[in-house]
Amino acid sequence: MKHTLNLTGRNVFDLDDYSVEEIEKIFETAKVMKEINSREYKKIPTLRGKTVATLFFEDSTRTRISFELAVKRLSADVVSFTSAGSAMKKGEGIQDTVYTLNAMGIDLYVVRHSCPGVPQLVNKYSNKPVINAGDGRHAHPTQALLDMFSIWEKTGSLKGLKIAIVGDILHSRVVRSNLIGMKKMGADVVVCGPRTLMPPKIEEVYGVQCEYDLKVAIKDADVVMGLRMQLERQNEGLFPGLGEYTSRYGLSNKMLEFAKDDVLIMHPGPMNRGVEILPEVADSEHSIIIEQVTNGVAVRMALLFLILGGKPGREVA
Amino acid sequence: MILLKNGMVYLSDKNKIEKADVLIDKKVIKKIAPAIEEKNAEVIDCSGMHIFPGFVDLHCHLRDPGYTYKEDIASGAESAAKGGFTSVCCMPNTNPAIDNISTLNYIMRKARDVGKTKIFVIGAMSKGLEGKEIANIASLVKGGVVGVSDDGNCIQVAKLQLNVMRYASIYDIPMICHSEEYSLSGKGQVNYGPMSTKLGLSGIPTLAEEIMVSRDIMLADVTGSHVHIAHASTKRTVELIRQAKKDCIKVTAEVTPHHLVLTEKACDGFDTNTKMKPPLRSEQDREALFEGLMDGTIDVIATDHAPHSDYEKELEFMKAPFGVIGFESAFPVLYSTLVRDDKMKLEELVVRMTSKPADIIKKDVGVLKEGAPADLNIFDLKDSFTFDESEILSKSKNSPFLGMKMWGKIHYTICDGKFTWKL
């Protein structure tokens, strides 16, 4: 593996700070990590002695477990902080929480929070690299990296691919990071969903196409990604109900006839089967939804390895 | 007596800046003329400096009583004096709110005791600023308020707003309207537009302001009240006010320095010192506000000085309170970005910060002429500085202009014939 680019000490707030070459380097590294994860003994000593703190101020299962596994497989130590049951409940703010943890010698923070911008705050208070594991509806760069890695692995490049992302675009941090990353990697991206779930000026901000008709959006698509549709949006008056939503925007076999024959189906999870995606699609041969989860660990290992300056020894040759 | 020698003096009667000497006797400007000689006066050499009438701010929050960790009347008066202000109007969203005579008296008494800046009080429109019942406006007017407002809040029920205006229309005071339709502003944090999309924050659409501005213009028309639109922030607001003025409806408006100078782009990076209501808007809105100011649609510049402590602002963007301070940066920011760049005449900027706001509250301040109160400030416009936290006299430092290089350094402020700021 060539080491021309150095990512040591970098933050991952979102993907706009990363170049195409850097993203490709993360993919190349993730490929190696994925191979390690397929071995019987899934562990390399490269980050021994480093300590990672995962700060999950907002509930998450899969992202937290994915990060914790990634840390452990690189032989670093991991401490997990969740705001439930912590001193935050006693009124401690983020600043003091971070000062406290930092005083115990943390090398890198993984942060999930419901408010956009908190990873930047944690970096400001800790002066240590921070990986954003999702901040409100702002960004979720590691999810975007694993999504793009999953496509890249299958196709070798994102350049010129037509990627359709369907669903609640407004509330999705996954979409925002993916739009930045996918555009950067040369894909043509279409976002599709009800107009009330579309953020303003999205075409202008990300240089993507915006479609309200699913058939048009997924026509000749190479990749179709569904997003979780949350019932509470109905209570907020943003759409009339799941029935109408599924009939207009649900990913079904019938709809996918408009896409390319070898279309890849993706979903960042957790899925509402029968709402935004029908089981016939989620479980089809086109679906790489489960592989996305597998790749998540590899991509996060790659980031930790690159940021914490792991040395490519024999194990990572 | 104080004799200001050789300054470039803004003369209110002529609306011109001319070289002259100014003689102050006790609380009054006694004489303005070339080469005044007065043996008994303290002489200040003002060569190369400008002398303006003391600035008048229609919109500030002094946080006293109730939130004196953010600001109090003494620190607010000092901060105002350092900004060149000699008269400020404080908003009633204190705790308790200024919806009763004892709170009003407390502020007026404390303001007199502090003495640094003339403090005029805006009373509440609704009791407790809750938007449910009309406040005791008649008593407040008798007690000396110069206007009423629920600023920070906005009366949502049209019927109540109508009744407030009808009830208060018999007094010659402005109804100062913070225009915000709550169901549209919701949990919004920044302008609804490209920046809310990019940052993943809920947006506050311009509509939230415009719907209420149009409502209040109609209510002004019906009731004959004087409506003053606080902190106008959108293009359509400017258009609505322009049309209302053409229709001879009694409406005036203010704009803040931050809305004139900054746009939503400043919010990129989650700096909570760029979070205020109304939010920073688009470049088109900013341009329209400036055009509105230039053609007289927007009458005055007001700071909306809104102090918040560092531990309140040093939080997650969504949790930090709305508001920025403004006294000490207002003139230098506007001078640097508008006058120095030849977009606006210096005289025009002075008028919008002095006599125009004074007209709206109908007070005899904000003019520099013989016989007027000796309220003035002295700036060196060639002197530049970097706006730094350590220089700020307000208790709070939440300014979006920190680190900005500005021109126009204040050397003296004089209020009622007394120095209230000396460099």
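Worth pointing out:
- Contact map, the range B:183-201: first residue farther than 22 Å from A:His140 by Cα, second residue in a helix (DSSP H, G or I) and small (Gly, Ala, Ser), Cβ cut-off under 6 Å, separation 6 or more or different chains; pairs are B:Leu184/B:Ala208; B:Ser185/B:Ala208.
- Tally of residues being away from chain B (no Cβ under 12 Å) and at negative phi across the range A:195-237: 28
- Residue pairs whose Cβ atoms lie under 8 Å apart, sitting 6 or more positions apart in sequence or on different chains, and linking a residue in the range B:85-100 that is in contact (Cβ under 8 Å) with a residue 12 or more places away in the chain and farther than 17 Å from B:Val300 by Cα to a partner that is of a type in the set (S, T, N, Q) and assigned to a loop (DSSP other than H, G, I, E, B), are B:Asn93/B:Asn153; B:Asp99/B:Asn136; B:Asn100/B:Asn136.
- Number of residues in the range A:196-236 that are open to solvent by 50 Å² or more (accessible area, probe 1.4 Å), outside any helix (DSSP H, G or I) and touching a residue at least 24 places away in the same chain (Cβ under 8 Å): the value is 4.
- Residue tally, condition over 21 Å from A:Gly136 (Cβ atoms) and open to solvent by 30 Å² or more (accessible area, probe 1.4 Å), over the range A:156-185: 7
- Test: B:Thr354 is out of contact with any strand residue (DSSP E or B) (no Cβ under 8 Å at 6 or more places or on another chain), open to solvent by less than 60 Å² (accessible area, probe 1.4 Å) and of a type in the set (S, T, N, Q): no
- Filter pass, A:Val275 being part of a helix (DSSP H, G or I), open to solvent by less than 80 Å² (accessible area, probe 1.4 Å) and of a type in the set (A, V, I, L, M): no
- For beta carbons closer than 7 Å, sequence separation of 6+ or different chains, a first residue in the range B:127-152 that is polar (S, T, N, Q) and a second that is open to solvent by 10 Å² or more (accessible area, probe 1.4 Å), the qualifying pairs are B:Asn136/B:Asp99; B:Asn136/B:Asn100; B:Ser139/B:Ile101; B:Ser149/B:His178.
- Within the range A:1-102, helices (runs of 4 or more DSSP H) holding 3 or more residues that are open to solvent by less than 20 Å² (accessible area, probe 1.4 Å) and farther than 22 Å from A:Pro116 by Cα: A:20-37
- Pairs where the first residue, in the range B:397-421, is within 23 Å of B:Leu260 (Cβ to Cβ) and modelled with pLDDT of 95 or more and the second is aliphatic (A, V, I, L, M) and open to solvent by 50 Å² or more (accessible area, probe 1.4 Å), C-beta under 9 Å, 6+ apart: B:Lys409/B:Leu423; B:Ile410/B:Leu423
- Annotation note: of A:Leu69, A:Leu74, A:Leu108, the sole residue that is more than 30 Å from B:Glu312 (Cβ to Cβ), in contact with a Leu (Cβ under 7 Å, 6 or more places away or on another chain) and either among the hydroxyl-bearing types (Ser, Thr, Tyr) or at pLDDT 95 or above (or both) is A:Leu74.
- Hey, A:Val191 touching a Cys at 6+ places or on another chain (Cβ under 9 Å), crowded, with 22+ Cβ neighbours inside 10 Å and under 25 Å from A:Leu242 (Cβ atoms) or not: yes
- Taking the range B:237-318 as the region of interest, the helices (runs of 4 or more DSSP H) fully inside it that hold 2 or more residues being surrounded by 24 or more Cβ atoms within 10 Å (Cβ to Cβ) and in contact (Cβ under 8 Å) with a residue 12 or more places away in the chain are B:257-261, B:283-294.
- Criterion: at the interface with another protein chain (Cβ under 10 Å from one of its Cβ atoms) and open to solvent by less than 10 Å² (accessible area, probe 1.4 Å) - qualifying residue of A:Pro116, A:Pro141: A:Pro116
- The number of residues in the range B:200-222 being open to solvent by less than 20 Å² (accessible area, probe 1.4 Å), outside any helix (DSSP H, G or I) and within 13 Å of B:Arg281 (Cα to Cα) comes to 2.
- In the set (1) crowded, with 19+ Cβ neighbours inside 10 Å; (2) polar (S, T, N, Q); (3) within 14 Å of chain B (Cβ to nearest Cβ), the condition left unmet by A:Ser150 is number (3).
The values are calculated or read from the model by the stated rules, or taken from the named source; none is laboratory data. Note that the coordinates shown come from a computational prediction; the quantities given were computed from them, not determined experimentally. Ideal geometry is used to build each Cβ from the backbone, glycine not excepted, and the neighbour counts take in all protein chains shown. Ligands, DNA and RNA are stripped out before the accessible areas are found, and what is left, the full protein with its side chains, is counted by its heavy atoms. Shrake-Rupley method; radii C 1.70, N 1.55, O 1.52, S 1.80 Å.
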